[in-house]
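The values are calculated or read from the model by the stated rules, or taken from the named source; none is laboratory data. Everything numeric in this text was worked out from a predicted model, so none of it was measured. Glycine gets a Cβ as well: all are built from the backbone with ideal geometry, and neighbour counts include every protein chain shown. Remember, those area values only see protein heavy atoms, side chains included, never the ligands or the DNA or RNA. Shrake-Rupley method; radii C 1.70, N 1.55, O 1.52, S 1.80 Å.
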Amino acid sequence: MTEPGKAAPAAPGRAMPLADPRFRSIFFQTVLIVTVLAAGYVAVINADANLRAQRIATGLGFLDHPAGFGINQTLIAYSEADSYGRVFVVGLLNTLLVSVIGIVLATIVGFVVGIARLSSNWLIARAAGAYVEVMRNLPLLFQILFWYLAVLGTLPSPRQSLSIADSIFISNRGIIVPSFAFGDGAEIVLAALMLGIGATAALGMLSRHRRRATGRPLTLWWAAVLLLVGLPLAVLAATDFPIGIERPVLRGFNFVGGVRMLPEFAALLIALVTYTGAFIAEIVRAGILSVHRSQTEAAYALGLTRGLALRLIVVPQALRLIVPPLTSQYLNLTKNSSLAVAIGYPDLFAVFAGTTLNQTGQAIEIIAITMAIYLLLSLTTSALMNWYNARMRLAER
Amino acid sequence: MSEHGSSPVIRTTRNAVAVELSGVHKWFGEFHALDGVDLKVMRGERVVVCGPSGSGKSTMIRCINGLEMHQRGKVVVDGVELTDNLKRIDEVRREVGMVFQSLNLFPHLTVLENCTLAPIWVRHMPRREAEALAMQYLARVYIPEQAAKYPGQLSGGQQQRVAIARALCMNPKIMLFDEPTSALDPEMVKEVLDTMVELAMDGMTMIVVSHEMGFARQVANRVVFMDFGQIVESAEPEEFFSHPKHERTKLFLSQILH
Ligand SMILES: Nc1ncnc2c1ncn2[C@@H]1O[C@H](COP(=O)(O)OP(=O)(O)OP(=O)(O)O)[C@@H](O)[C@H]1O
Ligand SMILES: [Mg+2]
């Protein structure tokens, strides 16, 4: 404090300057700005001196230099000869991959467990409660290592891998499933599939329209099956099977063909989903409990079934409370995915803020870029969720 | 708005009994909330239920539409016996409207949407038709101009009238009221009671938990007094108020009539 003499309790009537809200706000804002500027100045001076001493060039030129190291999971073509810039993109895509899939799965796990915890079935409610307590009370890093070392690490080698119908192989090298092999004319089949999906969506909209107009939706499941499965299959047969299925085959010590899910990816994903899912479950439970029981009873009294009451009355009201803390969990999951570095999953943090930084020593640039990217991901998620929440609020008042 | 009068004789006799409770028992844990309740309500009959707090009035009325399940005895509503068969319960609830003590319109839906929800989702009524029906009932409770508002923007009395309209939109054969005016400010009680009187005039079968003795005198065919989970006395209003038979009824009446 700047005025130690006035720290004694002020007599009523004799107002301390700090008790005046306007003065207080300006005072603290000034202190904050001065502190930040001073810290920034010291940091720049320091960094400049250090870099000079170590003869490190500043700037983003390093992004064009060849990286010279391999990455075990790449969503785009990548080789050791590619640049650090490409490493950055590969890492970013890997972060996005595990985060997006993680968010979707954690949301599903969270809603299922959260609703299960409210079940009147004693066993289901207790099991869900135990799940939440265990998952959210063990450190995430521990859980990632558990899945990686204790579960996936103890699986047999590729030669002894567990196989399902000779197509799916599970070993300590990961999970390998058959992939598609595309030949000439594959585009036509894919187009037919897209057409089927589009037509089904259109039918869905038509059905909603019909329900509004006549009270009854169209019965659609057979049309959907026909469009989604029948049409692509028919086109597939007509074009002489340009899309085939490629089964993984054991060649030497490893498999060729098929799509491989790295054990690092699997361990990270499982841990992120089960851990975050537990927190989301609590949020969902609290949201649903916040809707008063009399709301459900009023819905029942009107003849609504349990499912309709949940869907039309309870969940819409609960969502208002669920969405803001849910956003925090999505952000947490994305940021927590950087724990990938512990098991060597090549996410942005591991390959860029880890390996690339070590090799180039461009600490300031790399940390700044990495920070900016995580910030961007977080702000984008927040913006999307805020938009969703605002739209829902608008629909209510 | 009822199946009164014009329906064929056979149907009327078969369905002459709207609600029948026989030897109904209900426990909450150790607590004996309903202790052998017998009650028969005929079509078109209006029954007012009164009794001290905790005597089981709400529990009894909630057993009629399956919001509570009785553990012994028999509850038959419009010819359907209530068991733990969920289909049966839903079937009964479609034909039985209920208005609660607490104001429990759906706050995230407009007044109109509150009224059209069940007709659309339960009766599969076209939206247009459901909206026309809702407007008709909102007009009957004298608040058609509030249709686009949200419940939070209405007074308690208006909310309770919407709740009545919402129940009527399902075209119920029986209406249950659980102290519909006791959460309201005194100046709003009348508007709700007036609506209920009009409903009674139309011949609706009504079971009303209420301590509004003026209302009971005006519309009830029968007043039922409950205490300790039992029906102690049941009589026509005139008889009930002027010559109560049981001591407990006398005591209760002296308390509420001052
Ligand atoms: N869900 C419940 N669990 C446990 N006890 C309950 C439950 N519901 C009601 N009771 C008890 O059953 C008794 C009867 O309750 P009920 O609500 O039927 O009384 P009431 O006659 O409607 O009283 P009031 O005039 O206060 O509304 C009360 O003693 C109450 O505490
Ligand atoms: Mg009650």
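When you check B:F215 against the structure, is it surrounded by 20 or more Cβ atoms within 10 Å (Cβ to Cβ), among the aromatic types (F, W, Y), in contact (Cβ under 8 Å) with a residue 40 or more places away in the chain and touching a Ser or Thr at 6+ places or on another chain (Cβ under 8 Å), yes or no? So B:F215 fails the test. Of all residues in segment A:248-294, those satisfying the criterion of being surrounded by fewer than 18 Cβ atoms within 10 Å (Cβ to Cβ) and either within 14 Å of chain B (Cβ to nearest Cβ) or in contact with an Asp or Glu (Cβ under 8 Å, 6 or more places away or on another chain) (or both) are A:G257, A:S290, A:H292, A:R293, A:S294. Can we say A:I124 is out of contact with any strand residue (DSSP E or B) (no Cβ under 6 Å at 6 or more places or on another chain) and not in a helix (DSSP H, G or I)? Here the answer is no, as A:I124 does not meet what is asked.
Here the helices (runs of 4 or more DSSP H) wholly within segment A:186-258 that include at least 2 residues being in contact with a strand residue (DSSP E or B) (Cβ under 8 Å, 6 or more places away or on another chain) and in contact (Cβ under 8 Å) with a residue 12 or more places away in the chain are A:186-214. Scanning segment B:46-96 for residues that are within 15 Å of ligand 2 (Cβ to nearest atom) and either buried (at least 20 other Cβ atoms within 10 Å of the Cβ) or closer than 24 Å to B:M170 by Cα (or both) yields a total of 17.
Among the residues making up segment B:97-130, those that are under 20 Å from the mean Cα position of the chain (by Cα) and either at positive phi or within 16 Å of ligand 2 (Cβ to nearest atom) (or both) are B:M98, B:V99, B:F100, B:Q101, B:S102, B:L103, B:N104.
Quick check on my filter: what residues within segment B:158-203 are of a type in the set (A, V, I, L, M) and touching a Lys or Arg at 6+ places or on another chain (Cβ under 8 Å)? Residues satisfying the conditions are B:A165, B:L168, B:M170, B:V192, B:A200. Within segment B:154-183, residues that are under 15 Å from B:A200 (Cα atoms) reach partners that are within 16 Å of ligand 2 (Cβ to nearest atom) and open to solvent by 10 Å² or more (accessible area, probe 1.4 Å) with beta carbons closer than 6 Å, at six or more positions or on different chains, in the pairs B:L176/B:M98. A:F142 fulfils the conditions (1) modelled with pLDDT under 85; (2) closer than 28 Å to A:E264 by Cα except for a single criterion, (1).
Please state which one of B:V96, B:V48 is within 16 Å of ligand 1 (Cβ to nearest atom), modelled with pLDDT of 95 or more and among the aliphatic types (A, V, I, L, M). Lay out the reasoning, then the answer.
Working: B:V96 fails: within 16 Å of ligand 1 (Cβ to nearest atom).
Testing whether each residue is within 16 Å of ligand 1 (Cβ to nearest atom), modelled with pLDDT of 95 or more and among the aliphatic types (A, V, I, L, M) leaves just B:V48.
Evaluation of A:V314 against the conditions (1) open to solvent by 20 Å² or more (accessible area, probe 1.4 Å); (2) of a type outside the set (S, T, N, Q); (3) within 14 Å of chain B (Cβ to nearest Cβ); (4) in contact (Cβ under 8 Å) with a residue 24 or more places away in the chain shows that the sole unmet condition is (1).
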